[in-house]
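The values are calculated or read from the model by the stated rules, or taken from the named source; none is laboratory data. The model shown is predicted, which means the values in this text are computed figures rather than measured ones. All Cβ positions, even for glycine, are placed from backbone atoms using ideal geometry, and neighbour counts span all protein chains on display.
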Amino acid sequence: MRILIVGLGYAGKRFLSAFYEINRERARNSQSMINLAYINRSPIEVGIPSYTDIASALSQFMPDIVVVAVTDGEHFNILQKLNGYRGFIICEKPLVNRCDNLPLVESCMQNTAGFAMDMVERYSAVTSTLKDYVRQHGLMLSRAHFIWGKDRINDHRRTSGAVSEIVHPLDLIEHVIGDTAPLEYHSAIGTYSDFSVSGSSILDSLYVGARLNKAIVTGYSSFVNIERQRTVDFIFTKPDGFSVYAHAVYDTPTWDSDLLTIWDPDRPDKTPLRELVTDNGTAGMGALTIAKLTQLSRAAVDYTEGRIQPDTPFCDLDNSLRLQKLLNLVELNAKAVGPYRIRGSRRPADPATLTDEILG
């Protein structure tokens, strides 16, 4: 098994840690090790082979899996260079930017053995538990609302803006509800500022309204949230017409620490119908912040090696393209507020002073 990571910045190093974790598991089970290599603008001393370009890496290293972990604005360029590639691709989110040619992306990816966009919250025990509960009890979604944000003011990393953040809860809600019609865009408000080194007018926050079948979905996502906040509230209707509430919290107080509470609002004692507090296996791992990412990475390895279907479906190419079309609609039609100055003359923070917990 050979895996090539394209881009060894913050996201790429997290994938590298995830594959190291998988290799530790494979060593304990006397399995063969995964061979890793990377492409980066400048070589980094991480103890694995490096390549200078996609063409030479594909021909010389012949990877079974390619991880696209470059910054948002470079995804389209890398995916074009992977045209005709027949292995498995994991791509960071969002798939591409609004101005990029989606039909060309779809065409370039037609020969892949598999595709997964990094919708990492699908891999939380909170998400799978809630999804199973909805299915087992025949619940219908009536209303969903999310708040999904963090502080990226003065962040040194380039970004396409809040569309890169809002894609998580939008995918999460669709995934929990299951095989229904996709989200339909209704309205949006977007705020623009100089929070990012990417420019003086970057989308820092979005408020979105949408429909999922007959349910209303609203939410706020921001890169200028002072504290990391990732919550999704659901109101379901049972077959008997009564309501069930669910409150899901992600990455609080630390990354991969998630919480789920499901309850009946009509019960006087408010005893939870289901409650879960989980670190998603972090305690038994060799590194922090990679528990859910390791599950995604392991699923890609298992599928590539043995065509083992994943317990949690990948956000495959069709879903990734559809989500990107939704993000494009949101960004294109959002009523704009700003731009305004928030970062001002401050220099970007020194990456050496920032932990993964802060960056996440």
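Residues of the range 303-311 include at least one that is exposed (fewer than 15 other Cβ atoms within 10 Å of the Cβ), assigned to a loop (DSSP other than H, G, I, E, B) and among the charged types (D, E, K, R).
Residue check: is Val197 surrounded by 22 or more Cβ atoms within 10 Å (Cβ to Cβ), on the phi < 0 side of the Ramachandran plot and among the β-branched types (Val, Ile, Thr)? Lay out the reasoning, then the answer.
Details: surrounded by 22 or more Cβ atoms within 10 Å (Cβ to Cβ): no; on the phi < 0 side of the Ramachandran plot: yes; among the β-branched types (Val, Ile, Thr): yes.
Judged against the criteria, Val197 is not a match.
Rundown of residues vs (1) over 25 Å from Tyr245 (Cα atoms); (2) surrounded by 15 or more Cβ atoms within 10 Å (Cβ to Cβ); (3) in contact (Cβ under 8 Å) with a residue 60 or more places away in the chain, yes/no style:
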| residue | (1), (2), (3) |
| --- | --- |
| Thr180 | no, no, no |
| Leu183 | no, yes, yes |
| Ala188 | yes, yes, yes |
| Tyr192 | yes, yes, yes |
| Arg211 | no, no, no |
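When the range 95-108 is filtered for residues that are in contact with a Ser or Thr (Cβ under 6 Å, 6 or more places away or on another chain) and crowded, with 23+ Cβ neighbours inside 10 Å, only Leu95 remains.
May I ask you to say which residue of Thr261, Thr271, Thr252, Thr191 is hydroxyl-bearing (Ser, Thr, Tyr), assigned by TED's automatic domain parsing to the domain that holds Trp148 and under 18 Å from Ala144 (Cβ atoms)? Don't jump to the end; show me each part of the working.
Numbers: Thr271 fails: under 18 Å from Ala144 (Cβ atoms); Thr252 fails: under 18 Å from Ala144 (Cβ atoms); Thr191 fails: under 18 Å from Ala144 (Cβ atoms).
Testing whether each residue is hydroxyl-bearing (Ser, Thr, Tyr), assigned by TED's automatic domain parsing to the domain that holds Trp148 and under 18 Å from Ala144 (Cβ atoms) leaves just Thr261.
Condition first: touching a helix residue (DSSP H, G or I) at 6+ places or on another chain (Cβ under 8 Å), under 25 Å from Met109 (Cα atoms) and small (Gly, Ala, Ser). Can you find one or more residues in the range 43-59 that meet it? Taking every residue of the range 43-59 in turn, at least one turns out to be touching a helix residue (DSSP H, G or I) at 6+ places or on another chain (Cβ under 8 Å), under 25 Å from Met109 (Cα atoms) and small (Gly, Ala, Ser).
I'd like to know if the range 141-158 contains one or more residues that are within 14 Å of the chain's Cα centre (by Cα) and buried (at least 22 other Cβ atoms within 10 Å of the Cβ). Yes: one or more hits. Annotation for the range 48-69: no member residue is buried (at least 18 other Cβ atoms within 10 Å of the Cβ), among the aromatic types (Phe, Trp, Tyr) and in contact with a Ser or Thr (Cβ under 7 Å, 6 or more places away or on another chain). Within the range 275-286, identify whether any single residue is at pLDDT 95 or above, loosely packed, with under 15 Cβ neighbours inside 10 Å and either out of contact with any helix residue (DSSP H, G or I) (no Cβ under 6 Å at 6 or more places or on another chain) or in a strand (DSSP E or B) (or both), and answer yes or no. Yes. For the condition at pLDDT 95 or above, under 16 Å from the mean Cα position of the chain (by Cα) and acidic (Asp, Glu), Asp171 qualifies. For the criterion of being of a type in the set (A, V, I, L, M), in a strand (DSSP E or B) and buried (at least 20 other Cβ atoms within 10 Å of the Cβ), Val176 fails.
Only one of the numbered conditions (1) in contact with a Phe, Trp or Tyr (Cβ under 7 Å, 6 or more places away or on another chain); (2) part of a strand (DSSP E or B); (3) touching a residue at least 24 places away in the same chain (Cβ under 8 Å) is not met by Leu259, and that is (1). Considering the conditions (1) touching a Gly at 6+ places or on another chain (Cβ under 9 Å); (2) in a helix (DSSP H, G or I); (3) surrounded by fewer than 17 Cβ atoms within 10 Å (Cβ to Cβ); (4) not hydroxyl-bearing (Ser, Thr, Tyr), Asn111 is excluded by exactly one of them, (2).
Which of the residues belonging to the range 262-274 are in a loop (DSSP other than H, G, I, E, B), of a type in the set (Lys, Arg) and touching a strand residue (DSSP E or B) at 6+ places or on another chain (Cβ under 8 Å)? Lay out the reasoning, then the answer.
At the first step, the residues of the range 262-274 found to be in a loop (DSSP other than H, G, I, E, B) are 264-273.
Retained after the next criterion (residues that are of a type in the set (Lys, Arg)): 267, 270.
Passing the criteria: only Lys270.
Of the residues Ala144, Ala116, which is part of a strand (DSSP E or B) and over 18 Å from Phe15 (Cβ atoms)? After applying the criteria, what remains is Ala144. Out of Lys325, Lys292, one residue alone is in a helix (DSSP H, G or I), surrounded by 12 or more Cβ atoms within 10 Å (Cβ to Cβ), modelled with pLDDT of 95 or more and assigned by TED's automatic domain parsing to the domain that holds Asp132. It is Lys325. Within the range 78-92, can one find any residue that is closer than 15 Å to Lys325 by Cα, touching a helix residue (DSSP H, G or I) at 6+ places or on another chain (Cβ under 7 Å) and in contact (Cβ under 8 Å) with a residue 12 or more places away in the chain? Scanning the range 78-92 turns up no residue that is closer than 15 Å to Lys325 by Cα, touching a helix residue (DSSP H, G or I) at 6+ places or on another chain (Cβ under 7 Å) and in contact (Cβ under 8 Å) with a residue 12 or more places away in the chain.
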